[in-house]
Amino acid sequence: MKKHQTGSVIILLLILVWLLIPLAVTIIYSLFQNWTGIIPRGFSLKAYVEIFSDPAFLTALGRTVLICIIPILITILLVLLALFVTELFFPGLERIVQIICMIPYTIQGVILSVSILSMYVANKTFLGNRLVMLIGAYCIIILPYIYQGIRNGMRAVNMPVLIEAAEMLGSSRIYAYFRIIVPNIISSVIVSSLLAVGIIFGDYVLVRNLDGSAFQNIQIYLYQAMKSDSMKSSAVFVVIMAVTFAISAVVLKTDAADVNPDKRRTAEYRNMR
Amino acid sequence: MKNRKYLYLLALLPFMVVAFMYEIIPLIMVVINSFQSDTGGGFTLENYKTVSGTLLYQMAITNSLKISLISAGIGILIAFLGARAVMNVHSRFRRVFMTILNMVSNFAGIPLAFAYMILLGNAGIIVQLGRTMGWDALANYNLYTSNGLAMVYVYFQIPLSTLLLIPAFNAVRKEWKEAAMLLGSGSTGFWLKVGIPVLMPSILDTFSILFANALAAYATVYAIMMNSISLLPIQIAGCFVGEVKIQRGLGGALSVTMMLIMVIMILLTNVISKRFQKGVVKK
């Protein structure tokens, strides 16, 4: 048995080394000015100073944060309203809402973006605005996570009983839903929002196809920097990965008791390519 | 009272409007467009003829199939070894391993492409290392070919596939293994005759997810290769973005082709998976 364990440890260590080498190398790369031989030389934080004093980088960061928040707020509101109707009044419609929310799991960023683009590109109203298209597309891409998060939260608090209790005490259903249920499931809403932030933060496909390079988010910034200055872009890389890992660490920590975390993460993964 | 109930349906309206505007109708339009000519006119199969008759698109289909199958296959193999090993190690190490997998599973798209260019690009660190050390395999590594690119695909398949397979290994009971050992089977024999057949449905499911994952990968490839490789997602995006005139019909036909490949793969793995489940029940 002991021998068995050593073999297993070696396999896992090999996998870890394989997975961590690209990360480690790029981090080291961002910290040294000269790495043409085997050993990197000239430690410096110059690249970081440079990007954080570059207004274009800071705007890109700001844009990314902004484009994360708007679709997430919209989607949370839409799903809360929709579930309010299906959970309390029309349980028969629940299935339809569920299917609509799950379709984005299976369609890919490329197909979703080109289908939205070809539909609205010639539109003369605000619908033809590229930013509106992008926000619409993000709302759809994050729909499965927000839906599942809210749905799981509702299951966990045993919603029918809570609503019934509130009604017996004389409150209306609307009041019970928005003042009792929603505050109670806020933690699952936050976790799913963070997952959504992770997706939008890592997105390149949708923003590139829908906005070209007009809307320079952090991924586009990295893509453009990549061609000119690799030390600077590795610093951008480190910033992006630090944010991504921080988000997933928080999600992992709060999400540990989640019913089916694997499934969620699978889909998240797929949409980010 | 009854009327008031229907009034609540209004709250469902915003959700439905957004879902139809940005999900349902655009997708239906893609399918409809694929049967319409870009120059006008009614129903036509012309776009599908172009897809099946043009070398560029034939290559896109075969390249996409090839790279998806290869990377999913290698991904499954490594995941199998990894997930099996996870079951044998101390629980603390297991947790560290799983945490790192979870973190790395978010490492994708442009950043991943960039890291691989630093590592294995023309002047990449490892390529240089290979040159100094005289290791030809590394020194001559070319990231910018479809085989070189497959490495990057394999990279993003590993965390996903391992995370997906680990729960399945919980179903392989220690008792079975002990029983097989008592009956004189070795470890390899056990896995070939008992372990793998039991796991087969999960392995196939994971395989089809990996396949879909690779088939649709766009950002990573685009960042490394630009348009110099013909893959389905690249060709699809090419029909809509950057061209003077959008080719709705052709792009639609390519999109439908990609979705069909995905559906066929899911059906295929489901059919094979059912076979294995039946076999297990019979025994």
Practice prompt. Could you tell me which numbered condition residue A:77 fails, if it satisfies all but one of (1) under 23 Å from residue A:190 (Cβ atoms); (2) buried (at least 18 other Cβ atoms within 10 Å of the Cβ)?
Written response: (2)
Item to complete: Output the number of residues of the range A:15-48 satisfying the condition of being assigned to a loop (DSSP other than H, G, I, E, B), over 18 Å from residue B:127 (Cβ atoms) and among the aromatic types (Phe, Trp, Tyr).
Response: 0
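Scan the range B:247-254 and tell me whether some residue there is within 14 Å of the chain's Cα centre (by Cα) and farther than 19 Å from residue A:205 by Cα. Before you say what the answer is, go through the steps one by one.
Quick first cut of the range B:247-254, residues within 14 Å of the chain's Cα centre (by Cα) only: none.
Checked against the condition, which is being within 14 Å of the chain's Cα centre (by Cα) and farther than 19 Å from residue A:205 by Cα, the range B:247-254 yields no hits at all.
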Worksheet entry | Pick from the range B:141-153, criterion assigned to a helix (DSSP H, G or I) and surrounded by 20 or more Cβ atoms within 10 Å (Cβ to Cβ), ranking: farthest from the other protein chains (Cβ to nearest Cβ) | B:149
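Within the range B:247-257, which residues are hydrophobic (A, V, I, L, M, F, W, C) and surrounded by 22 or more Cβ atoms within 10 Å (Cβ to Cβ)? Break it down stepwise before answering.
Initially, the range B:247-257 is screened for residues hydrophobic (A, V, I, L, M, F, W, C), giving B:250, B:253-254, B:256.
Residues satisfying the conditions are B:250, B:253, B:254.
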Discussion item. Just to be sure I understand, how many residues within the range A:84-139 are touching a Ser or Thr at 6+ places or on another chain (Cβ under 6 Å), at the interface with chain B (Cβ under 8 Å from one of its Cβ atoms) and modelled with pLDDT under 90?
Written reply: 1
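What number of residues within the range A:191-235 are outside any helix (DSSP H, G or I), surrounded by fewer than 21 Cβ atoms within 10 Å (Cβ to Cβ) and more than 10 Å from chain B (Cβ to nearest Cβ)? Lay out the reasoning, then the answer.
Filtering the range A:191-235 for residues outside any helix (DSSP H, G or I) gives A:202-204, A:212-217, A:229.
In the following step, the residues that additionally are surrounded by fewer than 21 Cβ atoms within 10 Å (Cβ to Cβ) were identified as A:212-216, A:229.
From what's left, more than 10 Å from chain B (Cβ to nearest Cβ): A:213-216, A:229.
Here the count works out to 5.
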Worksheet item: Among (1) assigned to a helix (DSSP H, G or I); (2) closer than 24 Å to residue A:242 by Cβ; (3) without any contact (Cβ under 8 Å) to a residue 24 or more places away in the chain, which single condition is residue B:106 missing?
Response: (1)
Worksheet item: For the subset of the range B:10-36 comprising residues that are within 13 Å of residue B:251 (Cβ to Cβ) and not hydrophobic (A, V, I, L, M, F, W, C), which member is surrounded by the fewest Cβ atoms within 10 Å (Cβ to Cβ)?
Response: B:36
Response to the item:
Of (1) in contact with a Ser or Thr (Cβ under 6 Å, 6 or more places away or on another chain); (2) in a loop (DSSP other than H, G, I, E, B), residue A:72 satisfies every one except (2)
Practice prompt. Give the range B:231-246 a look and list any residue that's more than 8 Å from chain A (Cβ to nearest Cβ) and crowded, with 19+ Cβ neighbours inside 10 Å, or say none.
Written response: B:231, B:232, B:234, B:235, B:238
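The values are calculated or read from the model by the stated rules, or taken from the named source; none is laboratory data. None of these values were measured; they are calculated from a predicted model. We place every Cβ from the backbone using ideal geometry, glycine too, and count neighbours over all the protein chains shown.
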